[in-house]
Amino acid sequence: MLALSGCSSIGDLGRVQSPAVADNIHAWVGQEAALHAGGPISLNNLSEDERTLRDLAFPLIEPPYDRAQWDAVVHEYADTRRFRRSLWLVDPTAYYAHLMAANYRSTAGRYNQLNDDIRGDVVRIPPFFDIARRVIEADRKRQATMDVLPDISPPERFNVLARVAENNLTIA
């Protein structure tokens, strides 16, 4: 058992260990949105605003996993830098099932959890849309600049348009 204790992605005081944490930890959000919609994926680096957009989007779309399942997801990402698609199947009843599966002594506990989750989303939404406006404005400037410059190579043009599409899908 002592040897297995080092196999966790969780470090001291419940913090995620550094190999599992990266600046682009949520970069996949835009890529997955594009794949799900059948759109192209950009190979360009993310701007700071695009990275922040994905970081702010993730808590709004994350499935309702218990802590042990999240630890497994984070550990897998740290090892492979990929998420299994089966973890991201959209199930509109998952949140309800999560609330009903939890061991609450009364319905008040479920309502409190629901209220806490709603309050958490309400707090996250304004910063998300503030950064979304900045990303949309940057994308407009990107497209306007691309229209004016005739010597942009086809791969560069593809990557710009793919990134704009990823950003729009992330916001959607």
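What to note about this one:
- Leu169 sits among other residues whose Cβ lies under 14 Å from its own Cβ, and their net charge, with Lys and Arg +1 and Asp and Glu -1, is -2.
- A Förster distance of 25 Å, applied to the separation of the beta-carbon atoms of Thr145 and Val123, puts the FRET efficiency at 0.10.
- In terms of surrounding Cβ atoms within a 10 Å radius of their Cβ, Glu156, Glu50 rank from fewest to most as Glu156, Glu50.
- Database remark: amide H of Asn44 closer than 5 angstrom to no amide H (H placed geometrically; neighbours at sequence offset of 5 or more, or on other chains; Pro and chain starts carry no H).
Taken together, the values in this text are just the output of simple stated rules run on the coordinates, not laboratory data. In this text the structure is predicted, and so the values were computed from the model without any measurement. Heads up, the Cβs are rebuilt from the backbone with ideal geometry, glycines too, and the neighbour counts pull from every protein chain shown.
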